[in-house]
Amino acid sequence: MPIAPAVKIGDLVYTSGLIAGDPETGLLVVGGFAEQAERVLDNLILVLEAAGSSLDKVAKVNVFFADIQADFATFNEIYARYFSSEYPARTAIQAPLAFDFLRIEVEAIATV
């Protein structure tokens, strides 16, 4: 697929939209929303670390929900476990995702 997981320009890292793929098997996590959200945020950590960054350097997060009304509160609980009280700016929107079974996609901008 012609896509990079992240691009580093100067001191900034821009991630692509990350989905709930298992980095060891390459298979998509098709479980419930919480399982997918945790996998996506774990993938975000991996991509940021590979680019020389980390969650504590994230300035902006965009979250795409398949069903924002059903999953927004659950995501907030999970998100609060991954990010400190100095939360990055965040946008959350409902959007059709690439596959019917995907419930969330996340992209971020961070410093290095």
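Could the peptides 54-66, 84-96, 19-31 be put in order, highest first, of the mean number of other beta-carbon atoms found within 10 Å of their residues?
Details: 54-66: 17.8, 84-96: 11.2, 19-31: 13.5.
Ranking, from highest mean packing down: 54-66, 19-31, 84-96.
Rank 12, 46 by accessible area, highest first, at a 1.4 Å probe radius?
Greatest to least solvent exposure: 46, 12.
Once R0 is set to 25 Å, what does the formula 1/(1 + (r/R0)^6) return for the Cβ-Cβ distance between residue 93 and residue 27, expressed as a FRET efficiency to the nearest 0.05?
Given R0 = 25 Å and the Cβ-Cβ separation, E is 0.40.
Do the sum for the chain: with -39,500 (n - 2.57) for every DSSP H run of n ≥ 4, divided by all residues, what is the mean residue ellipticity at 222 nm, to the nearest 500 deg cm²/dmol?
For the chain, the value works out to -10000 deg cm²/dmol.
Given the range 1-105, what percent of its DSSP beta bridges are antiparallel, to the nearest 5?
Restricted to the range 1-105, the bridges split so that about 55 percent are antiparallel.
Grab the other residues whose beta carbon is less than 9 angstrom from that of residue 62, score K and R as +1, D and E as -1, and report the net.
Charge balance near residue 62 sits at 0.
What percent antiparallel are the DSSP beta bridges of the range 53-112, to the nearest 5?
55
With r as the distance between the Cβ atoms of residue 86 and residue 4 and R0 = 30 Å, compute the FRET efficiency 1/(1 + (r/R0)^6) and round to 0.05.
0.60
Excluding residue 6 itself, what net charge comes from residues whose Cβ is under 11 Å from its Cβ, given Lys and Arg +1 and Asp and Glu -1?
Net charge in that neighbourhood comes out at -1.
Determine the gain in length on full extension of the stretch residue 56-residue 100; use 0.36 nm per residue of separation and subtract their C-alpha separation, reporting nm with one decimal.
Net length gain for the segment: 12.7 nm.
Once the piece of chain linking residue 77 and residue 12 is laid out straight, how much longer is it, given 0.36 nm per residue of separation minus the C-alpha distance between them?
Extra length available between residue 77 and residue 12 comes to 20.7 nm.
Stretched out fully, how many nm does the piece from residue 70 to residue 34 gain, at 0.36 nm a residue minus the Cα gap?
Stretched fully, the residue 70-residue 34 segment lengthens by 11.8 nm.
The values are calculated or read from the model by the stated rules, or taken from the named source; none is laboratory data. Predicted, not measured: the structure shown is a model, and the values here were computed from it. Neighbour counts run over all protein chains shown; Cβ positions are idealised from the backbone, glycine included. Side chains included, ligands, DNA and RNA excluded: accessible areas come from the protein's heavy atoms. Shrake-Rupley method; radii C 1.70, N 1.55, O 1.52, S 1.80 Å.
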